[in-house]
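Written below as structure tokens is the structure these notes are about.
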Amino acid sequence: MKKIFVLSFISVGYFLNAQSLSNSPYATYGIGDVKYDNTIETSSMGGISTAYISDFTSNFNFGNPANNSNFELTSIKLEATNENNYFKTDYNNTKSTKHSTYLSNISLAFPISSKIKMGLLYQPYSSKSYDIINTETRTEEITGQQTIIGNRFRGSGTLNTAQAALSYKISPQFAVGARANFYFGNLYDTNEITTSNAELINGYETKNTIKNFNFTLGTSYQALNTSTDRKFTLGATATFGNTSNMTTEYLNSTYYYTDGEEKAGQKIIDQKSTNSKNLLPLQASVGVGYGSENQWFVSGQVDYKKGETISYFGNTFDFNDSYRISAGGWYLPNYNNFRSYFSRVVYRYGAFYEKGNLKIAGTDINKFGISAGVMLPFKTSSITRMSGLEIGVELGKRGTLKNNLINQNYVNLKVGFNFADKWFRKSLYN
């Protein structure tokens, strides 16, 4: 059984790199629609992770690698996400929906010693998947002749991330951690323009090839009152140190399509290649939490991300600094009540508000949402071996109807399994 889990971890990672993800039309800008590096556990609590140290021994925290003092088991997680997006704009009173289901996270974590813990994770970081057609009719004032102008915007590709995290417990209260992040993938954008009286199409193509490293450092402090079992937690992280860049290849050309949708008669008008070293700039997070041992926990968190500049259709596009405010927690009624299964279920809740880094037509593209989830333990699961089925849901809104922009409502459903046990350890006795 354990060998099957390890083989599944490798094969699922291959499939994850090839899948197509749904996203927002706002993904046309920059590196696409960022999915955030949250497991079901933290996304169900509004995204809190910086000051969240799990009370259970089976959950590894990748958001803040310092927060793994209680982690003692080998854990394999497989998670999938179903995205349901509903778009509306006042421009031509247009409405649209988009759905997709994809593998969103696989991870393997294990303790090296009582003080050192390690985790490996692989998941999509951002994606582009859009195809928008816009037509406009113009009439000549003198002749009255009408010309139809067509614009087609297409985008595709996924930016994946592989992470390796280490946690070190300095004392019962203090811990530090580090995470190496490798981002890789290709993102494509195409804008095609033609008119009803033209024989050729004018195409503007951008291909971003990304291979980028950066690093996340984290620290945490947790004080436990043994007489009341109450906990107070502080945490902080910083992500920095890009060691590579993004190569952007831009091509402006004219062509026409054959019956097989193959380009023919292509003539290059302009072509250039640029590099960007500010792809994933400085990010920082601070959080505070309070709770009762094995009963409940609440936390608040603030995330900051510095703005960046990215080449887009031959020009540069500037992103603003952004921040995200999150709050959430969990509740466990009574794990010792074996007569009632639902008393042993972990219930999670959260909310967030994000001031986005996009500003279009003088309007900020912001985002907010609420989330909830449950951890349904397996029948044989105990509080020291918390394995089970993870279910999470997130409802939110992004964008606005102002200035003919797009309002996006979404419902994201997440399902996953956490298999945790004392695997890969030598037995002391036969």
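The values are calculated or read from the model by the stated rules, or taken from the named source; none is laboratory data. All of these numbers come straight from a predicted model, not from anything done at the bench. Glycine also receives a Cβ, built like all others from the backbone with ideal geometry; neighbour counts cover every protein chain displayed. The accessibility values were calculated without ligands, DNA or RNA, using every heavy atom of the protein model including side chains. Shrake-Rupley method; radii C 1.70, N 1.55, O 1.52, S 1.80 Å.
Listed values, structure above:
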| quantity | calculated |
| --- | --- |
| Residue ID - nearest to Pro65 (Cα to Cα), chosen from residues in region 142-181 that are of a type in the set (Val, Ile, Thr) and in a loop (DSSP other than H, G, I, E, B) | Ile170 |
| Residues of region 97-128 satisfying the condition of being hydroxyl-bearing (Ser, Thr, Tyr), open to solvent by 60 Å² or more (accessible area, probe 1.4 Å) and assigned to a strand (DSSP E or B) | Thr97, Thr101 |
| Within region 368-381, tally of residues that are modelled with pLDDT of 95 or more and touching a Ser or Thr at 6+ places or on another chain (Cβ under 7 Å) | 3 |
| Residue match in region 2-15 (condition: open to solvent by 20 Å² or more (accessible area, probe 1.4 Å), under 15 Å from the mean Cα position of the chain (by Cα), at pLDDT below 90 and among the aromatic types (Phe, Trp, Tyr)) | no |
| Selection count where residues are out of contact with any Asp or Glu (no Cβ under 8 Å at 6 or more places or on another chain) and crowded, with 17+ Cβ neighbours inside 10 Å, scope region 157-172 | 9 |
| Top-ranked residue of region 269-298 - restricted to ones that are among the aliphatic types (A, V, I, L, M) and assigned to a strand (DSSP E or B), ranked as least open to solvent (accessible area, probe 1.4 Å) | Ala284 |
| Those residues of region 217-268 which are among the β-branched types (Val, Ile, Thr), touching a Phe, Trp or Tyr at 6+ places or on another chain (Cβ under 8 Å) and open to solvent by less than 70 Å² (accessible area, probe 1.4 Å), in sequence order | Thr219, Thr233, Thr239 |
| Counted residues, region 206-216 - those being touching an Asp or Glu at 6+ places or on another chain (Cβ under 9 Å) and open to solvent by less than 40 Å² (accessible area, probe 1.4 Å) | 2 |
| Pair list, Cβ under 7 Å, 6 or more apart: region 382-404 residue on the phi > 0 side of the Ramachandran plot, other residue open to solvent by 10 Å² or more (accessible area, probe 1.4 Å) and among the β-branched types (Val, Ile, Thr) | Gly399/Ile406; Asn403/Thr363; Asn404/Thr89 |
| Some residue of region 131-154 being farther than 21 Å from Val415 by Cα, of a type in the set (Ser, Thr, Tyr), open to solvent by less than 30 Å² (accessible area, probe 1.4 Å) and within 22 Å of the chain's Cα centre (by Cα) | no |
| Of all residues in region 341-367 being modelled with pLDDT of 95 or more and surrounded by fewer than 20 Cβ atoms within 10 Å (Cβ to Cβ), the one that is farthest from Val34 (Cα to Cα) | Tyr347 |
| Qualifying positions in region 173-184 - surrounded by fewer than 22 Cβ atoms within 10 Å (Cβ to Cβ) and more than 20 Å from Ile116 (Cβ to Cβ) | Phe182, Phe184 |
| Whichever residue in region 382-411 is surrounded by fewer than 20 Cβ atoms within 10 Å (Cβ to Cβ) and among the polar types (S, T, N, Q) and, among such residues, is modelled with the lowest pLDDT | Thr384 |
| Criterion violated by Met246 - all others in (1) of a type in the set (A, V, I, L, M, F, W, C); (2) touching a Ser or Thr at 6+ places or on another chain (Cβ under 6 Å); (3) modelled with pLDDT of 95 or more satisfied | (3) |
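Yes/no per residue for (1) modelled with pLDDT of 85 or more; (2) open to solvent by less than 20 Å² (accessible area, probe 1.4 Å); (3) in contact with a Pro (Cβ under 9 Å, 6 or more places away or on another chain):
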| site | (1), (2), (3) |
| --- | --- |
| Ala27 | no, yes, no |
| Glu41 | yes, yes, no |
| Phe56 | yes, yes, no |
| Pro65 | yes, yes, no |
| Phe71 | yes, yes, yes |
| Lys77 | yes, yes, no |
